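A.B. asks: Quick one: structure below, then a few questions.
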Amino acid sequence: MLHVISYISNSTSKPDLVQDEIEVIVRVAQQRNAENGITGVLFYANNYFFQTIEGKEAELRKIYGSIERDPRHQNINKWIDEKIDERHFQDWMLDTYYVDNPDLINPTTIQLLQALYVHNFGIESGDLINFVKKMIDEMDTFKILRTPYMK
């Protein structure tokens, strides 16, 4: 059975070092994900990480546990943790994007999204994944850049 986990967290990296930190995260995660059958996508914007990962539940829990212990993350807020019928990012060991749009992703927006999630509903993984894919499809509109260190 497949599983998906999505979370948002704050980066602890200094702004002038964050690009180097993301490069390390991506390089290690792509190798680890390939070895463990994990696929997903990572966004970085305004000191926030947003990630969706999918795979076998046991492997996903190990990887999410390592993310929770990673000192480069703080204030981790898990949004999705549920079973899925099929992969949505089957070809992505960890596609990574940098969102350069402070109007789209900023502390106020993040707090609002978290409040909506906590108080109103459990986000359906399909809805969240469709939102992520729409953001990627409309990269120019959302000022999303694919990171230069992707394979």
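A.B. asks: For the stretch 12-27, does any single residue satisfy the condition of being in a strand (DSSP E or B), in contact with a strand residue (DSSP E or B) (Cβ under 9 Å, 6 or more places away or on another chain), farther than 14 Å from D95 by Cα and among the charged types (D, E, K, R)?
C.D. replies: No, there is no match, as no residue in the stretch 12-27 is in a strand (DSSP E or B), in contact with a strand residue (DSSP E or B) (Cβ under 9 Å, 6 or more places away or on another chain), farther than 14 Å from D95 by Cα and among the charged types (D, E, K, R).
A.B. asks: A further question follows. May I ask you to say which residue of R87, R61, R72 is open to solvent by 80 Å² or more (accessible area, probe 1.4 Å) and either of a type outside the set (S, T, Y) or modelled with pLDDT of 90 or more (or both)?
C.D. replies: R61
A.B. asks: Separate question: A34 is checked against (1) under 16 Å from R87 (Cβ atoms); (2) surrounded by 14 or more Cβ atoms within 10 Å (Cβ to Cβ) and fails just one. What number does that condition carry?
C.D. replies: (2)
A.B. asks: Report, by residue number, each residue of the stretch 11-31 that is open to solvent by less than 30 Å² (accessible area, probe 1.4 Å) and at pLDDT 85 or above.
C.D. replies: S11, A29, Q30
A.B. asks: Going through the stretch 1-44 one residue at a time, which ones are touching a helix residue (DSSP H, G or I) at 6+ places or on another chain (Cβ under 9 Å) and hydrophobic (A, V, I, L, M, F, W, C)?
C.D. replies: M1, L2, V4, I5, I8, A29, I38, V41, L42, F43
A.B. asks: Another one. Give the residues of the stretch 46-76 that are within 18 Å of E86 (Cα to Cα) and among the charged types (D, E, K, R), sorted by residue number.
C.D. replies: Residues satisfying the conditions are E54, K56, E57, E59, R61.
A.B. asks: Restricting the search to the stretch 45-74, which residues are of a type in the set (A, V, I, L, M, F, W, C) and under 17 Å from Q31 (Cα atoms)?
C.D. replies: I53, L60, I63, I67
The values are calculated or read from the model by the stated rules, or taken from the named source; none is laboratory data. This is a predicted model, so every value here is computed, not measured. FYI the Cβ positions are ideal-geometry reconstructions off the backbone, even for glycines, and counts take in every protein chain you see. Surface areas here come from the heavy atoms of the whole protein model, side chains and all, with no ligands, DNA or RNA. Shrake-Rupley method; radii C 1.70, N 1.55, O 1.52, S 1.80 Å.
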